[in-house]
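A quick write-up on the structure given underneath.
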Amino acid sequence: MPNSFTFALGIVFDKAPTKTILFMKQLFILSLIFLSFQVNLLAQNEGGNPLENKKVPAVNLKDLKGKTYNTANLGLKGPVVISFWATWCAPCKKELNAIHELYEEWQAETGVTLVAVSIDDEKTKSQVPVYVNGKAWEYLVLSDPNGDFKRAMGVNNVPHTFLIDKDGNIVYSHNNYAPGDEEKLYKEIKKLGGK
Amino acid sequence: MVSNWNKVLRGFTQAAFLLPFFVFSQGNVSGNMESIFQYLNDDPIIGANQPPEKALVNSYMNAFYTHGNFKAGMRLESYLPRIQGYPNRFDGTGLGMRYAGYENDFIEVTLGSFYEQFGAGLALRAYEDRALGYDNLLDGMRVTVRPKKGLQIKGVYGVQRLSFQQGKIVHGEGIVRGVDAELHLNETFKRLDSLPVDIVLGASFVSKFQRDNNPELILPENVGAYGGRMKLRYKDFYFDAEYIHKGQDPSNDNGNIYNLGHAAVFNLSYTKKGLGILFSGKSVDNMSYRSDRTKDLQDVFINFLPALNKTHTYNLVATLYPYVTQPLGEVAYQADFLYTFKKGTKLGGKYGTTLGLNVSTTYEPFKNTAGFSPNDSSRVFYKSTPFRQSDSLYWLDINANVTKKINKQWSLIVSYFHIRINNDVAKISNFASGIIASHIGVLESTYKINSKHSLRAELQGLIVEKKDGQINDQGNWFTALIEYTISPSYFFSVMNQYNFGNPDPEKRVNYPIVTCGFIKDATRVTVSYGRQRAGLFCVGGVCRFVPANNGLTLSLTHSF
């Protein structure tokens with residue numbers, strides 16, 4: 001960073017910098033670093049949890065009926081779980097099937113909505129409604145066939161599950177599924193308070 | 001006067017430099033990184049070699065920034081050198097992708113690198129798969145407008161990423177231009193909402209330009225591809241279809257023929273709670289569409305031709321005999337079925353039982369050569385009709401599985417697969433010819449010890465049918481896997497693959513591998529040590545050959 005600043009300043013100030021200007025530049029850079037540090041601290045203090053200020057990015061995705069949703073504003077009340085999955089991902093399906101058995105209770109207790117984002121591309125996208133309905137899932141299922149939302153959310157691999165509070169902040173995320181993980185997720189949902 | 005100007009400039013630059021810090025403190029930064037390190041040993045019996053560097057490392061990091069309507073992002077990549085199985089020309093460290101953009105409800109503009117898909121991607125799909133090292137992004141400009149609710153028009157203009165050398169993107173030679181429009185009638189006309197129908201219509205036009213530098217042929221410098229699509233829903237029935245026509249596009253792929261090309265897909269499905277049925281078809285002829293006509297493999301494809309079959313997950317099924325679309329031509333069909341027997345019924349038991357069936361076939365298209373001379377200067381050598389197939393089989397997959405939860409602790413999945421693949425066309429093995437026919441059985445069982453500890457085991461057997469009394473390909477295989485997980489943070493697994501049926505007794509070897517993992521929130525660290533056989537590593541129907549290796553692999557992923 002300092003290099004680009006000195007370079008840019010060099011252009012603005014003079015081609016042959018004098019000692020004073022060099023000193024000023026150094027001072028300027030130091031103050032910038034200090035300032036950015038302060039800004040960082042402020043940002044940390046506001047949220048406490050560094051994830052808490054992270055919002056869901058806006059990407060337009062379609063559900064299985066063709067309706068468009070803006071991921072930054074899904075229009076859902078209460079906490080939201082966004083779970084990235086694919087028809088070819090065995091642990092993803094295990095996670096969503098495990099939650100499926102608990103979903104009614106979770107919804108009644110916390111008002112949570114699960115959004116299952118399928119990253120299946122055109123090869124397997126058509127199998128998504130077959131699986132979702134065949135398993136009688138009651139989630140909101142969105143399709144991300146070209147990985148736009150996956151990329152925006154910083155997802156490396158699936159399954160990756162995010163918890164979003166009612167104000168749209170990402171408060172928890174977990175990049176794996178092992179039996180029992182759904183209980184940890186439910187604890188995190190309950191931390192957000194009741195309905 | 002001059003010093004005054006200097007003061008003004010100084011003030012201005014200071015303000016300009018401070019601005020980003022305030023802006024960044026309010027905006028949203030997100031991203032992710034991955035780093036994979038390998039230390040490899042020589043292992044001549046499986047054909048694994050130690051590279052001269054001994055150790056290899058791949059890394060990348062995405063950083064995206066949004067603030068209000070503004071967004072920007074980049075990806076840094078590093079190959080020092082690239083891990084095995086990655087494109088061998090990737091090297092160095094540098095920017096692999098970068099963009100800036102602006103978006104509001106009406107318009108979205110992106111400058112720099114972007115990914116895009118028109119419809120089903122038969123005309124245009126720019127995408128990435130980092131695990132494969134696949135990236136055909138477009139570098140240029142994209143504008144998306146949404147003039148009316150339900151209507152979206154996109155325009156793209158750019159050159160494609162071909163490679164990444166010495167830390168820099170290398171672009172393909174040709175320029176890609178395209179426009180796409182999609183209309184969701186139900187969102188545009190609210191009156192339709194009261195009817196049980198849902199209609200989406202779309203159309204695309206894509207064109208590429210590449211200079212003609214061929215001394216012998218007159219090559220078309222501009223090649224267009226265009227077509228339309230529709231999606232219809234009536235109650236629980238759903239139908240979608242897309243058809244793309246391509247102009248004359250002589251290339252290395254098709255042997256510089258001047259035939260026209262086409263690609264068509266359709267899906268028809270019926271789903272309700274507990275039941276899913278799908279029937280799909282696809283017809284492709286002469287549809288390799290690249291922004292550089294001299295390239296091959298997975299380089300600078302403008303379009304995407306999905307293979308019409310299930311993506312399998314069990315090791316022996318997924319990596320030994322996977323199928324990839326033949327862009328020069330194929331006719332394929334698929335049927336997929338899933339049914340859950342309800343809880344409390346005879347077959348459903350206490351927790352419900354799920355039955356899945358899937359069948360897919362692919363054949364060579366029928367190419368009518370009557371009336372075409374191989375010496376004709378038009379270089380049009382045959383006529384094909386969409387969905388008209390010959391009797392030359394490329395691929396057949398029949399598979400079934402039953403998922404059953406026995407009690408609170410135990411669950412079982414039993415699967416069977418029959419796969420026939422034409423190794424002369426969709427080449428996947430150097431040890432086989434003609435059709436490789438295999439039968440695979442898999443038994444998977446999970447036992448939940450308590451709320452955090454679980455044990456999972458997989459047993460897989462693969463039998464290859466003999467061909468003319470001889471063992472075909474590498475013969476029979478057996479795989480066993482045991483995995484122990486402690487929620488939410490740890491896993492340990494041991495897998496062994498045993499090629500007990502190899503025709504060469506010396507190659508009847510074991511491929512053991514141990515893997516451990518640690519997961520904390522969005523950070524994941526895995527370490528594995530052992531042998532991995534050569535195979536095709538595929539994601540979504542695109543595959544890359546990964547050579548056999550023996551050694552240590554360390555991987556770190558993190559999202560922020």
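The values are calculated or read from the model by the stated rules, or taken from the named source; none is laboratory data. Keep in mind the model is a prediction, meaning the values are calculated, not measured. Positions of Cβ are backbone-derived with ideal geometry, glycine not excepted, and every protein chain shown enters the neighbour counts.
Brief remarks on what is shown
- Residue A:132 falls short on exactly one of the conditions (1) β-branched (Val, Ile, Thr); (2) crowded, with 24+ Cβ neighbours inside 10 Å; (3) over 14 Å from the mean Cα position of the chain (by Cα), and that condition is (2).
- A count restricted to segment B:327-339 and to residues that are surrounded by fewer than 21 Cβ atoms within 10 Å (Cβ to Cβ) and either without any contact (Cβ under 8 Å) to a residue 40 or more places away in the chain or within 14 Å of residue A:135 (Cα to Cα) (or both) stands at 2.
- Residues of segment A:116-164 classified as in contact with a helix residue (DSSP H, G or I) (Cβ under 8 Å, 6 or more places away or on another chain) and of a type in the set (D, E, K, R), total: 4
- Filter result for residue B:241 (under 30 Å from residue B:84 (Cβ atoms), surrounded by 15 or more Cβ atoms within 10 Å (Cβ to Cβ) and within 14 Å of chain A (Cβ to nearest Cβ)): no
- Top-ranked residue in segment A:174-190 [being in a helix (DSSP H, G or I), out of contact with any Pro (no Cβ under 6 Å at 6 or more places or on another chain) and in contact (Cβ under 8 Å) with a residue 12 or more places away in the chain; ranked as nearest to residue B:447 (Cα to Cα)]: A:182
- Some residue of segment B:508-517 being in a loop (DSSP other than H, G, I, E, B) and either among the polar types (S, T, N, Q) or modelled with pLDDT of 95 or more (or both): yes
- Among all residues of segment B:212-225, there is at least one that is closer than 20 Å to residue B:181 by Cβ, in contact with a strand residue (DSSP E or B) (Cβ under 7 Å, 6 or more places away or on another chain) and in the same structural domain as residue B:290 (by TED's automatic domain parsing).
- Residues within segment B:121-145 that are at pLDDT below 95 and farther than 20 Å from residue B:33 by Cα, tallied: 0
- Set B:271, B:313: member being outside any strand (DSSP E or B), more than 21 Å from residue B:372 (Cα to Cα) and among the polar types (S, T, N, Q): B:313
- Selection from segment B:115-129 of residues that are at the interface with another protein chain (Cβ under 8 Å from one of its Cβ atoms) and either in a loop (DSSP other than H, G, I, E, B) or in contact with a Ser or Thr (Cβ under 8 Å, 6 or more places away or on another chain) (or both): B:115, B:120, B:121, B:127
Here is a yes/no grid of residues against (1) touching a residue at least 40 places away in the same chain (Cβ under 8 Å); (2) at the interface with chain B (Cβ under 8 Å from one of its Cβ atoms); (3) in contact with a His (Cβ under 9 Å, 6 or more places away or on another chain); (4) of a type in the set (A, V, I, L, M):
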| site | (1), (2), (3), (4) |
| --- | --- |
| A:104 | no, no, no, no |
| A:116 | no, no, no, yes |
| A:120 | no, yes, no, no |
| A:126 | no, yes, no, no |
| A:132 | yes, yes, no, yes |
| A:140 | yes, no, no, yes |
| A:150 | yes, no, yes, no |
| A:155 | yes, yes, no, yes |
| A:158 | yes, no, no, yes |
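- Set B:283, B:291, B:269: member being within 14 Å of another protein chain (Cβ to nearest Cβ) and in contact with a strand residue (DSSP E or B) (Cβ under 7 Å, 6 or more places away or on another chain): B:269
- Per the listing A:188, A:183, the residue uniquely farther than 30 Å from residue B:271 by Cα, at the interface with chain B (Cβ under 7 Å from one of its Cβ atoms) and either at pLDDT 95 or above or surrounded by 23 or more Cβ atoms within 10 Å (Cβ to Cβ) (or both) is A:183.
- In segment B:384-425, of all residues being of a type in the set (Lys, Arg) and modelled with pLDDT of 95 or more, the one that is nearest to the chain's Cα centre (by Cα) corresponds to B:420.
- For residue B:297, the test of being within 24 Å of residue A:88 (Cβ to Cβ), away from every other protein chain (no Cβ under 14 Å), part of a loop (DSSP other than H, G, I, E, B) and among the hydrophobic types (A, V, I, L, M, F, W, C) is passed.
- Scanning segment B:316-331 for residues being in a loop (DSSP other than H, G, I, E, B) and among the β-branched types (Val, Ile, Thr) gives a total of 2.
- Restricting A:144, A:167 to residues that are of a type outside the set (Val, Ile, Thr), surrounded by fewer than 20 Cβ atoms within 10 Å (Cβ to Cβ), within 20 Å of residue B:66 (Cβ to Cβ) and more than 9 Å from chain B (Cβ to nearest Cβ) narrows the list to A:167.
- Search result, residues across segment B:461-517 that are within 14 Å of another protein chain (Cβ to nearest Cβ) and touching a helix residue (DSSP H, G or I) at 6+ places or on another chain (Cβ under 6 Å): B:487, B:488
- The residues on offer are B:259, B:303, and the sole one that is at pLDDT 95 or above, more than 8 Å from every other protein chain (Cβ to nearest Cβ), farther than 30 Å from residue B:375 by Cβ and in a loop (DSSP other than H, G, I, E, B) is B:303.
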